[in-house]
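Peer 1: Quick one: the structure is below, and I'll ask about it shortly.
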Amino acid sequence: MAHSNDLITFGKACLKKEETLAKAEARLDKKSIRSEQSQRKTRTSIGRLQQLKEQKAQLETSMSDCESTPNSAYCHQIRHRYNELTYQIHIAEADSVEDGRYGDDPVTEFEFSQQQFNQRYDNFIAQCRDSNAHYAMIQDPEAYAAVCSTVSAKQSITCSLF
């Protein structure tokens with residue numbers, strides 16, 4: 001009887017670890033999605049910033065034509081567009097700093113977290129699926145019934161043989 005109680009305790013502890021790992025995996029999935037979105041936004045922002053700088057460079061060439069007629073309507077339009085582009089570039093650069101592009105890398109953080117999760121998952125599998133205690137719990141009808149009585153528990157790694 002005492003052996004069965006130890007197996008029940010073991011099985012319930014494994015179910016709790018499995019539940020914790022499932023929650024951690026869900027958080028990692030969300031973090032992965034945010035990381036991908038951040039990368040996509042960064043690429044878009046960088047492309048937009050590059051495009052604005054190219055337009056500004058083209059206008060700088062046109063502004064050299066305005067040296068002879070600085071007060072013409074054409075030159076006023078060029079200067080106005082140039083100032084507008086300068087402002088947009090300034091805003092885009094400020095946004096890129098706010099996005100954290102120059103700070104922590106979300107991809108690296110995600111990979112580190114994923115590595116930690118994988119290590120914990122491997123430890124869980126070694127203890128709660130590939131161990132003699134797990135096999136003994138599965139083979140003991142009383143322990144199995146006590147640990148794996150719910151539908152969700154029956155579908156768990158802890159309550160499955162393989």
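The values are calculated or read from the model by the stated rules, or taken from the named source; none is laboratory data. Here the structure is a predicted model, which is why all the values come from computation and not from measurement. Please note: Cβ atoms are built from the backbone with ideal geometry, for glycine as well, and neighbour counts cover all protein chains shown. Each accessible area value is taken on the protein alone, full model and side chains, heavy atoms only, with ligands, DNA and RNA left out. Shrake-Rupley method; radii C 1.70, N 1.55, O 1.52, S 1.80 Å.
Peer 1: Residue check: is SER62 farther than 30 Å from ALA146 by Cβ, assigned to a helix (DSSP H, G or I), in contact with an Asp or Glu (Cβ under 9 Å, 6 or more places away or on another chain) and of a type in the set (Ser, Thr, Tyr)?
Peer 2: Here the answer is no, as SER62 does not meet what is asked.
Peer 1: Another question, then. Sort through ARG48, ARG43, ARG101, ARG79 and tell me the only one that's modelled with pLDDT under 90, under 18 Å from the mean Cα position of the chain (by Cα), part of a helix (DSSP H, G or I) and not polar (S, T, N, Q).
Peer 2: ARG43
Peer 1: If you don't mind, there's one more thing I want to ask. With respect to the numbered conditions (1) in contact with a helix residue (DSSP H, G or I) (Cβ under 6 Å, 6 or more places away or on another chain); (2) farther than 19 Å from ASN5 by Cβ, which one is the sole condition not fulfilled by ASN123?
Peer 2: (1)
Peer 1: Now, a different point. Any idea which of SER32, SER62 is in contact (Cβ under 8 Å) with a residue 12 or more places away in the chain, more than 30 Å from ASP130 (Cβ to Cβ) and open to solvent by less than 70 Å² (accessible area, probe 1.4 Å)? Give the steps one after another, and end with the answer.
Peer 2: Values: SER32 fails: more than 30 Å from ASP130 (Cβ to Cβ).
Answer to the check: SER62.
Peer 1: Tell me, which residue of the stretch 35-50 that is in contact (Cβ under 8 Å) with a residue 12 or more places away in the chain and among the small types (Gly, Ala, Ser) is nearest to ILE138 (Cα to Cα)?
Peer 2: Checked the stretch 35-50; the qualifying residue nearest to ILE138 (Cα to Cα) is SER35.
Peer 1: Residues in the stretch 137-162 that are closer than 13 Å to THR9 by Cβ and surrounded by fewer than 17 Cβ atoms within 10 Å (Cβ to Cβ): how many?
Peer 2: The qualifying residues number 1.
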